[in-house]
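Take a look at the structure below.
The values are calculated or read from the model by the stated rules, or taken from the named source; none is laboratory data. This is a predicted model, so every value here is computed, not measured. Glycine also receives a Cβ, built like all others from the backbone with ideal geometry; neighbour counts cover every protein chain displayed.
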Amino acid sequence: EINTELDDFGYMWECPDYFNVDNQDVILICPQGIESKGNQFKNIYQSGYILGKFDIEKLTYEHENFVELDNGFDFYAPQTFLDEKGRRVLIGWMGLPEIEYPTDNEGWAHCLTIPRVLNVENGQLKQRPYPALEKLRHNKETALGYANKFTRKLHPYEGKQYELIIDILDNDATEVYFELRTSKTSSTLIAYNKRENKITLDRSDSGLLPTNVEGTTRSTILDTPLKQ
């Protein structure tokens with residue numbers, strides 16, 4: 001048994017993973033029974049990490065606060081491994097227990113997240129897409145447009161999966177938002193509030209949604225503003 005400073009933190013910790021990266025001891029856990037707090041802990045079960053130093057002799061762990069790994073809707077049970085270059089790579093379960101998904105009626109549910117390379121920088125666990133994913137890029141399309149307070153369609157993009165890279169010119173807007181995967185009846189909204197350094201994903205109009213999920217939006221506060 002490892003003694004931590006999280007004496008009252010849910011009723012069960014699932015799917016633990018321990019590793020050392022950049023001379024820091026990291027424990028991934030999925031605590032169940034955590035109440036939501038502001039933008040945090042909005043899912044039925046949470047998934048995150050604690051960062052610190054582990055004493056193998058005393059079985060004690062001096063660590064920082066618990067931090068969620070992903071502020072989206074569907075992320076759970078992450079596990080890590082080392083690749084051939086010694087990089088620590090994380091893959092999560094893109095789904096949650098006790099949630100009913102629309103695809104259940106089609107005989108399948110869930111998938112795995114894209115792999116992420118982990119590093120510790122300035123006391124935080126950083127996650128970046130695995131570099132080899134760039135080999136999947138093809139059929140590049142570019143659109144340039146100027147928008148104001150009215151919604152504007154920049155380009156008739158089509159497709160169910162893509163990588164979207166957005167460069168935003170210097171502006172005085174408080175909030176910038178993008179509607180993705182739009183149709184006559186549905187769309188998904190991503191918004192960035194410059195004043196609050198907040199990114200929000202809104203899927204209230206995204207079509208069929210899972211049940212037993214708290215709300216239709218997820219937000220995260222950035223430590224630093226997005227670079228223009």
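Annotations for the structure displayed:
- S183 being touching a strand residue (DSSP E or B) at 6+ places or on another chain (Cβ under 8 Å), on the phi < 0 side of the Ramachandran plot, assigned to a loop (DSSP other than H, G, I, E, B) and small (G, A, S): no
- Selection status of T211, loosely packed, with under 12 Cβ neighbours inside 10 Å, within 19 Å of K42 (Cα to Cα) and either of a type in the set (A, V, I, L, M, F, W, C) or at pLDDT 80 or above (or both): yes
- Boolean, N39 is within 27 Å of T211 (Cα to Cα), buried (at least 16 other Cβ atoms within 10 Å of the Cβ) and in contact with a Ser or Thr (Cβ under 9 Å, 6 or more places away or on another chain): no
- Looking across region 151-190, just one residue is under 18 Å from T224 (Cβ atoms), among the hydrophobic types (A, V, I, L, M, F, W, C) and modelled with pLDDT of 85 or more, and that is V176.
- Filtering G92, G86 for residues that are surrounded by 14 or more Cβ atoms within 10 Å (Cβ to Cβ), assigned by TED's automatic domain parsing to the domain that holds F19 and within 22 Å of Y49 (Cα to Cα) leaves a single hit, G92.
- Contact map, region 137-160: residues that are assigned by TED's automatic domain parsing to the domain that holds L189 and of a type in the set (S, T, Y) paired with residues that are loosely packed, with under 10 Cβ neighbours inside 10 Å and at pLDDT below 75, Cβ distance under 7 Å, separation 6+ or inter-chain. No pairs are found.
- When every residue of region 23-36 is checked against the conditions, none turns out to be under 16 Å from the mean Cα position of the chain (by Cα), closer than 24 Å to N197 by Cβ and surrounded by 19 or more Cβ atoms within 10 Å (Cβ to Cβ).
- Only a single item in (1) of a type outside the set (A, V, I, L, M); (2) closer than 23 Å to K198 by Cα; (3) touching a residue at least 24 places away in the same chain (Cβ under 8 Å) is not met by G92, and it is number (2).
- Just one of the listed residues (R116, R218) is outside the structural domain of V26 (by TED's automatic domain parsing) and of a type in the set (D, E, K, R), namely R218.
- Among the residues making up region 76-126, those that are part of a loop (DSSP other than H, G, I, E, B), under 20 Å from N43 (Cβ atoms) and not acidic (D, E) are G95, L96, P97, I99, Y101, A109, H110, T113, I114.
- In region 30-61, residue farthest from N122 (Cα to Cα) [restricted to those that are part of a strand (DSSP E or B) and without any contact (Cβ under 8 Å) to a residue 24 or more places away in the chain]: Q32
- Index of the failed condition, T103 passing every other in (1) in contact (Cβ under 8 Å) with a residue 12 or more places away in the chain; (2) among the β-branched types (V, I, T); (3) closer than 22 Å to G215 by Cβ: (1)
- Filter result (surrounded by fewer than 18 Cβ atoms within 10 Å (Cβ to Cβ), in contact with a strand residue (DSSP E or B) (Cβ under 7 Å, 6 or more places away or on another chain) and within 20 Å of I221 (Cβ to Cβ)) within region 46-67: E64, V67
- Flag if Y18 is part of a strand (DSSP E or B), at negative phi and surrounded by 15 or more Cβ atoms within 10 Å (Cβ to Cβ): no
- Residue count for region 204-219, restricted to those that are assigned to a loop (DSSP other than H, G, I, E, B) and either farther than 12 Å from G72 by Cβ or among the small types (G, A, S) (or both): 11
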